[in-house]
1. Residues of the stretch 167-187 being of a type outside the set (Gly, Ala, Ser) and either in contact with a strand residue (DSSP E or B) (Cβ under 7 Å, 6 or more places away or on another chain) or more than 16 Å from ligand 2 (Cβ to nearest atom) (or both), which ones?
2. Does residue 262 meet the test of being surrounded by fewer than 17 Cβ atoms within 10 Å (Cβ to Cβ) and either in contact (Cβ under 8 Å) with a residue 24 or more places away in the chain or within 16 Å of ligand 3 (Cβ to nearest atom) (or both)?
3. Does any residue in the stretch 391-405 that is farther than 17 Å from residue 427 by Cα come within less than 7 Å, Cβ to Cβ, of a residue that is within 16 Å of ligand 3 (Cβ to nearest atom) six or more places away or on a different chain, and which pairs are these?
4. Just need a number here: residues in the stretch 225-259 that are hydrophobic (A, V, I, L, M, F, W, C) and open to solvent by 20 Å² or more (accessible area, probe 1.4 Å).
5. So residue 328 passes all but one of these: (1) modelled with pLDDT under 95; (2) of a type in the set (A, V, I, L, M, F, W, C); (3) buried (at least 17 other Cβ atoms within 10 Å of the Cβ); (4) part of a loop (DSSP other than H, G, I, E, B). Which condition number does it fail?
6. So for the stretch 252-259 (the condition being hydrophobic (A, V, I, L, M, F, W, C) and modelled with pLDDT under 95), does at least one residue qualify?
7. Please work out which residue is most open to solvent (accessible area, probe 1.4 Å), limiting yourself to the stretch 265-278 and to residues that are within 16 Å of ligand 3 (Cβ to nearest atom) and in contact with a Gly (Cβ under 6 Å, 6 or more places away or on another chain).
8. Taking only the stretch 179-200 into account, find how many residues are farther than 12 Å from residue 94 by Cβ and assigned to a strand (DSSP E or B).
Amino acid sequence: MGTVGSPAPPKNQTFSARRYNPFHAFTRRRIVWAVPILFTAFACLALVALWDSEHPGRTRWFGTGGSNQVQLAVDPLDPSKSVNGLPTRSFRDNLRPEVQYITSFGSGGWSNDVISIMNLIYLGLITERVPIIPVFLPSHTMLSTLNTEHTPLPFGDVFDLPHLRQAIGKPVLQWSDVKASNSTVLDDLGCWNVWESIQYYDKAPRGSFAPWKLKLDISYTKTPDWIKMIPNFEHDRYSSFWNLAKLAFPSTRSASLVPPLPSPKHNVSLPPDEHLLCYDFLYYVAAQQSEEIGLDYSRTVLPGDLSANTCDGPPEWNAWQRVHSADARREVDEPVPPFVSVHVRHNDFREWCEQGITADECFAPLPVIARRVKEVQDEIRERKGIDVTRVIVTSDEKNRTWWGDVEDLGWFAPDHSRTQELYEDWYTILIDAIIQSKGAGFVGTARSTVSVLSNKRVESWQDGSIRTVKWGEPGADDHP
Ligand SMILES: Nc1nc2c(ncn2[C@@H]2O[C@H](COP(=O)(O)OP(=O)(O)OP(=O)(O)O)[C@@H](O)[C@H]2O)c(=O)[nH]1
Ligand SMILES: *[C@@H]1O[C@H](CO)[C@@H](O)[C@H](O)[C@H]1NC(C)=O
Ligand SMILES: *[C@@H]1O[C@H](CO)[C@@H](O)[C@H](O)[C@H]1NC(C)=O
Ligand SMILES: *[C@@H]1O[C@H](CO)[C@@H](O)[C@H](O)[C@H]1NC(C)=O
């Protein structure tokens with residue numbers, strides 16, 4: 001799918017291109033040095049799932065921390081307050097009659113799904129509905145291997161949901177709060193089909209593994225053509241938050257009803273559900289213009305990056321603990337020296353290169369990236385008086401010659417040689433995203449949503465300096 005705003009390639013290409021396993025054999029000194037960064041990054045971005053495995057009704061500790069904690073009554077934002085009780089076999093049994101809900105499903109890669117979930121939460125805010133967040137599913141590997149044994153990654157394992165709820169002052173649910181994961185009940189649900197109205201090559205709702213995983217049999221109603229921000233324009237796919245929000249309210253909803261597509265299993269035709277409002281796909285949504293997530297004003301549109309300011313979370317993060325106990329040999333307590341993080345996105349981005357040029361001519365060469373790194377270093381020195389000499393490179397690149405060239409520059413890279421073996425598919429990109437976000441400065445790749453998110457995190461969490469490397473033809477990043 002997408003770099004921000006680029007026309008998406010056909011689905012099969014997108015998904016097949018998503019393999020990565022960068023093995024970087026570095027000197028021992030470098031590996032050992034990189035490890036504390038990794039752990040500190042985990043502990044910090046950590047987004048603490050401490051309360052996520054909570055039992056309904058469990059009380060929480062509030063206060064300034066330390067010994068001054070005060071035990072309050074049950075938190076009104078606690079997930080258990082927005083459902084009837086423990087997860088049920090059929091999701092409907094757990095919905096409270098006085099609460100309205102909203103959900104959607106992921107189907108991109110990691111960062112695209114993060115952005116879709118940000119959009120879902122924002123739509124929840126403006127429609128006054130409680131968002132029910134889907135798990136992350138590695139759709140790309142699922143498609144290419146046709147293997148159903150894929151561990152889903154719950155949003156709350158990565159992002160700090162208690163913090164988010166407090167920051168926006170609203171409840172936020174995950175599907176695991178609502179429906180039992182071992183349920184054998186296939187629930188019928190009516191949803192809006194956004195995808196078929198925003199693009200014209202795929203004449204169907206957006207595919208996703210989430211409904212299958214959640215045992216939902218969905219009957220889709222096509223959204224009206226006017227949801228598109230630029231009506232009838234095939235080269236743009238964005239709809240707007242308020243166009244989609246209108247469909248959440250009775251008058252526009254009833255005026256927009258058309259015969260639904262029967263659900264695939266039960267063959268039932270259902271209008272869009274009013275209790276649990278549901279959209280197939282919320283990646284291409286903006287407030288004012290396409291691709292605005294990369295622009296400065298978008299932080300006032302969304303409630304910040306969902307995970308902002310969570311660096312003070314406790315270290316009990318599940319994933320962190322798993323990494324930590326799996327490799328207790330390694331010392332993790334050393335403070336991490338400041339570094340510039342670099343994200344280099346290659347592989348399927350080849351599809352957007354100028355015609356007739358090689359990958360080497362299309363992607364920015366290392367000296368061009370190094371120039372941007374130097375700009376970031378200079379700016380940090382000027383703004384903060386700090387000399388940030390260390391550089392850590394993260395990338396989806398697999399070419400070892402290229403990684404050797406990175407090492408020759410004296411730059412570091414995370415050692416992912418055992419990441420997948422020790423943890424799960426998700427952790428390579430998770431660890432890399434965390435490293436990116438921890439940079440005192442950041443150099444990213446133009447058109448990459450991974451880079452867009454890290455830009456925002458480094459700016460807002462680290463007060464860091466950022467640069468983006470352009471690519472696509474020789475000299476693409478030339479600048480004064
Ligand atoms: N390990 C690792 N994987 C990466 C990195 N950058 C990209 N990837 C992989 O490439 C995928 C990119 O998929 P998405 O997150 O959907 O992003 P995209 O829109 O296709 O491409 P971006 O615009 O770069 O995000 C990620 O899910 C990762 O699997 C990186 O720095 N490290
Ligand atoms: C699902 O899990 C719950 C709680 O762990 C258990 O009580 C229930 O029997 C399980 N149901 C099925 C269908 O396995
Ligand atoms: C689905 O239902 C419709 C209308 O009830 C019926 O005409 C059609 O034959 C059904 N399709 C299948 C595959 O059962
Ligand atoms: C690997 O990287 C090197 C250095 O960037 C490059 O010259 C070479 O063409 C690459 N090999 C492949 C197979 O892409």
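The values are calculated or read from the model by the stated rules, or taken from the named source; none is laboratory data. Quantities reported herein were computed from a predicted structural model and do not represent experimental measurements. Using ideal geometry, Cβ is built from the backbone for each residue, glycine included, and neighbour counts are taken over all protein chains shown. Heads up: the accessible areas ignore ligands, DNA and RNA and are worked out on the full protein's heavy atoms, side chains in. Shrake-Rupley method; radii C 1.70, N 1.55, O 1.52, S 1.80 Å.
1. Let us first name the residues in the stretch 167-187 that are of a type outside the set (Gly, Ala, Ser), namely 168, 170-175, 177-179, 182, 184-187.
Of everything in the stretch 167-187, those that are of a type outside the set (Gly, Ala, Ser) and either in contact with a strand residue (DSSP E or B) (Cβ under 7 Å, 6 or more places away or on another chain) or more than 16 Å from ligand 2 (Cβ to nearest atom) (or both) turn out to be 168, 170, 171, 172, 173, 174, 175, 177, 178, 179, 186, 187.
2. On the way: surrounded by fewer than 17 Cβ atoms within 10 Å (Cβ to Cβ): yes; either in contact (Cβ under 8 Å) with a residue 24 or more places away in the chain or within 16 Å of ligand 3 (Cβ to nearest atom) (or both): yes.
Answer is yes for this residue.
3. Hits for this filter: zero, empty list.
4. Of the residues in the stretch 225-259, 9 are hydrophobic (A, V, I, L, M, F, W, C) and open to solvent by 20 Å² or more (accessible area, probe 1.4 Å).
5. (3)
6. As a first pass, look at the stretch 252-259 and keep what is hydrophobic (A, V, I, L, M, F, W, C): 255, 257-258.
Remaining after also requiring modelled with pLDDT under 95: none.
Within the stretch 252-259 (the criterion being hydrophobic (A, V, I, L, M, F, W, C) and modelled with pLDDT under 95), the answer is no, since none of the residues qualifies.
7. Pass one, the stretch 265-278, residues within 16 Å of ligand 3 (Cβ to nearest atom): 265-271.
From what is left, the residues that are in contact with a Gly (Cβ under 6 Å, 6 or more places away or on another chain) are 270-271.
Working: 270: 50, 271: 66 Å².
Among them, the one singled out is 271.
8. The total comes to 6.
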